[in-house]
1. Out of (1) open to solvent by less than 20 Å² (accessible area, probe 1.4 Å); (2) touching a helix residue (DSSP H, G or I) at 6+ places or on another chain (Cβ under 9 Å), the odd one out for PRO104 is which?
2. Is the stretch 127-141 home to any residue that is within 16 Å of the ligand (Cβ to nearest atom), closer than 21 Å to GLY10 by Cβ and open to solvent by 10 Å² or more (accessible area, probe 1.4 Å)?
3. Do you know which residues across the stretch 19-59 are farther than 23 Å from ASN235 by Cβ, open to solvent by 20 Å² or more (accessible area, probe 1.4 Å) and in a helix (DSSP H, G or I)?
4. Suppose we filter the stretch 174-218 for residues that are in a loop (DSSP other than H, G, I, E, B) and more than 12 Å from the ligand (Cβ to nearest atom); how many remain?
5. Which members of the stretch 113-126 meet the condition of being buried (at least 19 other Cβ atoms within 10 Å of the Cβ) and in a helix (DSSP H, G or I)?
6. Quick one: is GLY174 more than 23 Å from ARG68 (Cα to Cα), in contact with a His (Cβ under 9 Å, 6 or more places away or on another chain), crowded, with 19+ Cβ neighbours inside 10 Å and touching a residue at least 40 places away in the same chain (Cβ under 8 Å)?
7. Name the residues in the stretch 214-248 that are open to solvent by less than 70 Å² (accessible area, probe 1.4 Å) and of a type in the set (A, V, I, L, M), would you?
8. In the stretch 25-45, is there at least one residue being at pLDDT below 95 and farther than 16 Å from SER276 by Cβ?
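The values are calculated or read from the model by the stated rules, or taken from the named source; none is laboratory data. None of the values given here were measured: they were computed from a predicted structure. For neighbour counting, all protein chains shown are included, and Cβ atoms are generated from backbone atoms with ideal geometry for every residue, glycine included. Areas reflect the complete protein model, heavy atoms only, side chains present, ligands, DNA and RNA absent. Shrake-Rupley method; radii C 1.70, N 1.55, O 1.52, S 1.80 Å.
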Amino acid sequence: MREPPVMLDGRLLAKEIEADLTRRVARILEKTGEVPALATVLVGEDPASVTYVRMKGNACARIGMASRKVILPDSSTTEDVLAAIDELNRAPDVCGILLQHPVPPQVDEQRCFNAIARDKDVDGVNVESFGAMTMKLPAFGSATPMGIMEILARFDIPVAGREAVVIGRSPILGKPVAMLLLNADATVTICHSRTRDLPAVVRRADIVVAAVGKPLFVQPDWIKEGAVLIDAGYNPGNIGDIDLANAAPRSSAYTPVPGGVGPVTISMLMKQTVISAERRAGLA
Ligand code: NAP
């Protein structure tokens with residue numbers, strides 16, 4: 001008989017990462033006398049985005065780092081957002097900049113992402129960071145994909161040679177996680193809204209990454225027995241993209257929602273900000 005599925009506990013992993021980061025922030029403070037800061041830029045009042053920004057501020061506080069919040073009105077233009085980013089690029093205390101996705105439709109999100117200085121692009125969203133990450137060159141990676149890879153590594157889930165199916169191709173999640181899985185030698189298929197016979201494609205997967213943004217979208221009968229389920233979805237009511245209550249029993253391991261990918265995403269953002277601060281302090 002097969003072993004029961006393992007729950008990949010993102011909260012536990014995030015705690016371990018944060019304990020390490022707390023020590024590293026203290027070391028930066030000791031050397032420079034300055035507390036490094038992560039800046040978040042929020043455009044509009046999307047309730048989920050407001051919550052994400054608050055969670056990131058809380059995480060900064062837990063590890064002893066400062067956070068700076070820039071809140072811009074929903075009516076902001078691309079130029080308004082670019083001006084805010086430009087100021088943060090020049091601010092000496094700011095070691096990382098995060099533009100909260102999504103921005104209102106009149107704002108050119110990728111242009112704003114590309115304006116973030118590469119050494120402060122701790123969410124790996126600018127096109128240079130993405131290109132470098134894809135080519136396995138030094139770069140900050142997109143936080144959620146980095147968190148997913150951290151979960152797979154920490155729980156000893158083999159990736160090389162396995163079939164990974166990523167559902168979703170957004171620039172912050174689906175596409176970069178597919179590249180990271182490819183760089184880790186998985187055989188990767190990326191699915192999207194135009195994919196034909198999605199259930200048949202997902203049934204091939206040893207590793208399923210759901211990044212769709214539709215509650216309980218992935219059905220239990222799409223899951224191959226023993227597959228690993230990574231649910232990156234975070235829909236209103238703390239509901240993931242996979243019908244985990246019914247799909248997890250078929251899996252060998254799965255990330256819960258909440259408490260799976262979300263907490264590790266935030267700690268990867270913190271980790272990359274600390275690395276940026278260490279570089280500025282001459283400690284890395
Ligand atoms: P997004 O930009 O809306 O992208 C959604 C993707 O899903 C698109 O590529 C879309 O395909 C695809 N899709 C939509 N309907 C589909 C269908 N019927 N069949 C197959 N694919 C379909 O979303 P996102 O920003 O990547 O976020 C995805 C989810 O992850 C959301 O629930 C979000 O809240 C969550 N998220 C979680 C974290 C975290 O830290 N846990 C971080 C970021 C996002 P097309 O490209 O063809 O439109």
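1. (2)
2. yes
3. Applying the first criterion (farther than 23 Å from ASN235 by Cβ) to the stretch 19-59 yields 19-39, 41.
Subset that is open to solvent by 20 Å² or more (accessible area, probe 1.4 Å): 19-20, 22-24, 26-27, 29-35.
Residues satisfying the conditions are ALA19, ASP20, THR22, ARG23, ARG24, ALA26, ARG27, LEU29, GLU30, LYS31, THR32.
4. First pass over the stretch 174-218, keeping only residues in a loop (DSSP other than H, G, I, E, B): 184-186, 192-197, 203-206, 211-217.
Still in the running and more than 12 Å from the ligand (Cβ to nearest atom): 184-186, 203-206.
Result for the stretch 174-218: 7.
5. Step one: of the stretch 113-126, the residues buried (at least 19 other Cβ atoms within 10 Å of the Cβ) are 113, 115-116, 120-126.
PHE113, ALA115, LYS120 - these are the residues of the stretch 113-126 that are buried (at least 19 other Cβ atoms within 10 Å of the Cβ) and in a helix (DSSP H, G or I).
6. On the way: more than 23 Å from ARG68 (Cα to Cα): yes; in contact with a His (Cβ under 9 Å, 6 or more places away or on another chain): yes; crowded, with 19+ Cβ neighbours inside 10 Å: yes; touching a residue at least 40 places away in the same chain (Cβ under 8 Å): no.
For GLY174, the condition - more than 23 Å from ARG68 (Cα to Cα), in contact with a His (Cβ under 9 Å, 6 or more places away or on another chain), crowded, with 19+ Cβ neighbours inside 10 Å and touching a residue at least 40 places away in the same chain (Cβ under 8 Å) - is not met.
7. VAL218, ILE223, ALA227, VAL228, LEU229, ILE230, ALA232, ILE239, ILE242, LEU244, ALA247, ALA248
8. yes
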